[in-house]
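What follows is a single structure, written as structure tokens, with notes after it.
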Amino acid sequence: MKISYNWLSNYIIDTGLTPQETAEKLTSVGLEVEGLEHYSTLPKGIESLIVGHILELHQHPNADLLKLTKVDVGNDAPLSIVCGAPNVAAGQKVIVAREGVTVNPLSKEPFTIKKSKIRGEFSEGMLCAEDEIGLGESHAGLLILDENATPGQPVAKYLNGYEDWILEIGLTPNRVDAASHIGVARDLAALLGKKLKYPVAEIAYSDRQSPEIKIDIEDIEACPRYSGLVIKNIEVKDSPEWLQNYLQAVGLKPINNIVDATNFVLHELGHPLHAFDLSTIEGTRIIVKRSVPDSRFMTLDKQERILDGTELMICNANEPMAIAGVFGGLKSGINSGTKGIFIESAYFNPSVIRRTSRRHQLFTDASFRYERGADPNITIVALTRVAKLIQEIAGGDIINTIYDIYPERIKPIQLKFEFKYLNGIAGMEIPVSDVKNILTGLEFIIIEQDQNGLLIEIPSFKTDVKRPIDVVEEVLRIYSFDKIPISRQIKSIVQVDKLYHKEKQRKRISSFLIDRGFYETYMLSFVKEEDNRIFDEKQSVSVINPISADLGFVKNNILIPGLRALLHNLNRQRHDLSIFNWDHIHSTENGSFKQEYQLGIWMTGNTNPENWKNKPKKVDFYDLKSIVEAILTLSGQNDIQTQPLENSLFSYGLTFQGSGQKTIARVGRLSDSILKQLDIGQEVFYAQFDAKYLLKARKKELKYDAISKFPKVERDLALIVPEDLTYSSIRELIEKAEHKILKKVSIFDVYKGNQVAEGFKSYAVRMEFEDKTQTLEDKTIDKIISKIVYRLENEHGIKIRS
């Protein structure tokens, strides 16, 4: 938010502060000044130019188009300057750039004037045209000044430009009370112990009569108060220079005196106003009501808006005239032919304005204040202030009727504020007199006082002050936090709860992945609707006030946002990627709202970069599967079963299930169809966990066992198995056939080719046996192998390959 130092100074007398000191003071009370810039209506570099008087003019001996001049610049000796302007003449007062001065042309790079020879004649400066110094676009000749200009006088002083300092304040959302020059001045006055000077708002009413305007509010909740008045016989024209200077200094473009007056009062008092052309109020009626769904409305920026029925509209008897609190309509705007106006000063429900502003992406000065909570009890003050200003700069007759529809007055909050409570929070005793001065300086009303504290009334413009702790903040920020002593003791309460254990487990898993070269990603909670459509069984949750049109839904999956993150990197020549993301997803199922916490892992490209020693190895299914199994082990998951993954999003994969057939994780290669939708041209492997199972606190007992004194025995089997049979099924069957001395089953070769019939594949399986009580004999092992082979052949039709 921009605040003008000159404008601000109108409301506090004799602060004695420079702009820089003012910025420091404002920052100390919580209005952080993020930037301080000098502002001038004159172009850059003009301060180095001076007025010159051409005393003599002669033809250049070596150039027909050049002249030799003697120019008085206020020094003892006039300057010799060569000039080629066609309108140069003796006796003129002109603008001179002397040697060493840098000039800033309108459409060229700045350059510095040097003493030089031009066609054999010395030139000690330059006589300037308006485009050469940024004052205009003409290059037809020299810029000729008035006769009263004094040689040697700075051009900036002669032109009498407007100078100011602009304070850029980083206003927090809760401080709408400071979204104006008066609001900022209030804090500064309270800090300095000065009295705030309000502008005079007494107006002279006319005896003229005007057709009575009937005002109807159909939605009192959306518009608790609506005020207005009529001014007739105005003259719409350009605003006076002082008003234009103030508005331009804070970044506003002057439009005309009526619109500029409403903008001025908005930035002065912080209350939005709107002026309607009186002739457009058909039927002399103003109706405040909701829009008609799917209707269209042309706003002042000549954009047609499609309304959805939630917008609050200001209408005449026949049609809408403005989107309430956000933007005016094109038809009812002020133009050069306007002779009468109706000025609106209202209080609208913040949530209604916020929703409309977000939906239509209209972020105006009015909506900025309304959606944060304007002051409902300042409407008449703002109305009379702007009426007086308009009467001064546009003439007109103010009709002696102020319309004020305020069915249920919004009463300021009253609360008991105890000194003991304040001192306990501050850690020191603050003098009662200081507390009272600060509160009254901030326009709190002290209703009564006793030895324990104050009964105070909170001003209605302090929308964020509702509790005693809020009042403490108001007092301390003005009293100065620097005065609060720092204790030498550190007191804390250590409390360990379930959330601590979950976070600790989450960090363990994250560290495990990071140690293996994965990057953790953070993604927005909001997505496009198309990113949610892939999961049709999960109905999307829409956002009432989306931050943009492309982010109108809460995500119901983490797969697509993760793929978009991969695509972003792939498009920047990063093809080897391993990322993971923890996030919540939201959906509605059978009419109820559902939230899930998931962990997603994506791998694509190569597992290791190519170098002189190693060739690159492409990521495959087993790389990610091993990661999934390690995470399940790390989280203490027991009795995990795997099943083939049947899902259209995957070409193939596995489902990991816990007790009760609960799916804990899925891992596989993503289908080409889903990758094609996002223009991803390489394989992507994806794993997804239900994070609630990973983060459950589990006590894992450590067991220690002595190393066996007896040797292990290994036996291999070559199996011909149906192509659709998984290794996990084979391993499970082998483990069931022998569970006493069988210690480990592993696969060390997979073969499909000419020596294996179509529809089958060959597995080479290794089994490891160990008995800690005796040495195993061949006949014992052979007996077990026979039992395993029998079950393999009879239950799954597996053949032993010779």
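The values are calculated or read from the model by the stated rules, or taken from the named source; none is laboratory data. As the structure is a computational prediction, the values presented were derived from the model and not from experiment. We place every Cβ from the backbone using ideal geometry, glycine too, and count neighbours over all the protein chains shown. Keep in mind that these areas ignore ligands, DNA and RNA; they rest on the heavy atoms of the full protein, side chains included. Shrake-Rupley method; radii C 1.70, N 1.55, O 1.52, S 1.80 Å.
Each row is one residue, and each column tells you yes or no for (1) over 27 Å from Gly605 (Cα atoms); (2) of a type in the set (D, E, K, R); (3) modelled with pLDDT under 90; (4) open to solvent by less than 10 Å² (accessible area, probe 1.4 Å).
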site: Ile631; (1), (2), (3), (4): no, no, no, yes
site: Ser635; (1), (2), (3), (4): yes, no, yes, yes
site: Gln641; (1), (2), (3), (4): yes, no, yes, no
site: Ile664; (1), (2), (3), (4): no, no, no, yes
site: Arg669; (1), (2), (3), (4): no, yes, no, no
site: Gln682; (1), (2), (3), (4): no, no, no, no
site: Ala691; (1), (2), (3), (4): no, no, no, yes
site: Leu695; (1), (2), (3), (4): yes, no, yes, no
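If I filter segment 591-610 for residues that are open to solvent by 30 Å² or more (accessible area, probe 1.4 Å), modelled with pLDDT of 85 or more, not hydroxyl-bearing (Ser, Thr, Tyr) and not in a strand (DSSP E or B), do I get at least one hit? No: zero hits. For the residues Asp375, Asp397, Asp404, the requirement of being at pLDDT below 95, closer than 29 Å to Ile234 by Cα, surrounded by fewer than 24 Cβ atoms within 10 Å (Cβ to Cβ) and touching a strand residue (DSSP E or B) at 6+ places or on another chain (Cβ under 9 Å) singles out Asp397.
Within segment 274-322, if we keep just the residues that are assigned to a strand (DSSP E or B) and acidic (Asp, Glu), the residue that is nearest to Asn335 (Cα to Cα) turns out to be Asp277. Which numbered condition in (1) open to solvent by less than 80 Å² (accessible area, probe 1.4 Å); (2) of a type in the set (Asp, Glu); (3) farther than 23 Å from Lys157 by Cα is the only one that Asp72 fails? Status for Asp72: all satisfied but (3).
Do you know which residues across segment 353-368 are open to solvent by 10 Å² or more (accessible area, probe 1.4 Å) and either touching a residue at least 40 places away in the same chain (Cβ under 8 Å) or over 22 Å from the mean Cα position of the chain (by Cα) (or both)? Result: Arg354, Arg355, Arg358, Arg359, His360, Gln361, Leu362, Asp365, Ala366, Phe368. When segment 730-754 is limited to residues that are small (Gly, Ala, Ser) and surrounded by fewer than 16 Cβ atoms within 10 Å (Cβ to Cβ), the one that is nearest to Thr773 (Cα to Cα) turns out to be Ser746. For segment 701-729, taking the residues that are within 13 Å of Ile798 (Cβ to Cβ) and of a type in the set (Asp, Glu), the one that is most open to solvent (accessible area, probe 1.4 Å) is identified as Asp724.
Restricting Leu26, Leu31, Leu55 to residues that are assigned to a loop (DSSP other than H, G, I, E, B) and modelled with pLDDT of 95 or more narrows the list to Leu31.
Among the residues examined, Glu443 does not qualify as open to solvent by 30 Å² or more (accessible area, probe 1.4 Å), touching a residue at least 40 places away in the same chain (Cβ under 8 Å) and out of contact with any Phe, Trp or Tyr (no Cβ under 9 Å at 6 or more places or on another chain). Kindly check whether there is at least one residue in segment 719-729 that is of a type in the set (S, T, N, Q) and modelled with pLDDT of 85 or more. No, there is no match, as no residue in segment 719-729 is of a type in the set (S, T, N, Q) and modelled with pLDDT of 85 or more.
For segment 669-683, a residue qualifies if it is in a strand (DSSP E or B) and closer than 20 Å to Asn556 by Cβ, and exactly one does: Leu670. When His271 is tested against (1) open to solvent by 10 Å² or more (accessible area, probe 1.4 Å); (2) touching a Ser or Thr at 6+ places or on another chain (Cβ under 9 Å), just one condition goes unmet, and that condition is (1). Does segment 86-98 include one or more residues that are charged (D, E, K, R) and open to solvent by 30 Å² or more (accessible area, probe 1.4 Å)? So far as segment 86-98 goes, yes, one or more of its residues are charged (D, E, K, R) and open to solvent by 30 Å² or more (accessible area, probe 1.4 Å). Among the residues of segment 214-231, those identified as open to solvent by 10 Å² or more (accessible area, probe 1.4 Å) and touching a helix residue (DSSP H, G or I) at 6+ places or on another chain (Cβ under 7 Å) are Lys214, Arg225. In the set Glu132, Glu137, Glu147, Glu109, only one residue is acidic (Asp, Glu), part of a loop (DSSP other than H, G, I, E, B) and in contact with a strand residue (DSSP E or B) (Cβ under 9 Å, 6 or more places away or on another chain); that residue is Glu147.
Looking across segment 755-794, just one residue is within 12 Å of Pro722 (Cα to Cα), surrounded by 11 or more Cβ atoms within 10 Å (Cβ to Cβ) and of a type in the set (Asp, Glu), and that is Glu793. For segment 153-170, the set of residues classified as more than 22 Å from Trp7 (Cβ to Cβ) and either in contact with a His (Cβ under 8 Å, 6 or more places away or on another chain) or open to solvent by less than 30 Å² (accessible area, probe 1.4 Å) (or both) consists of Val155 only.
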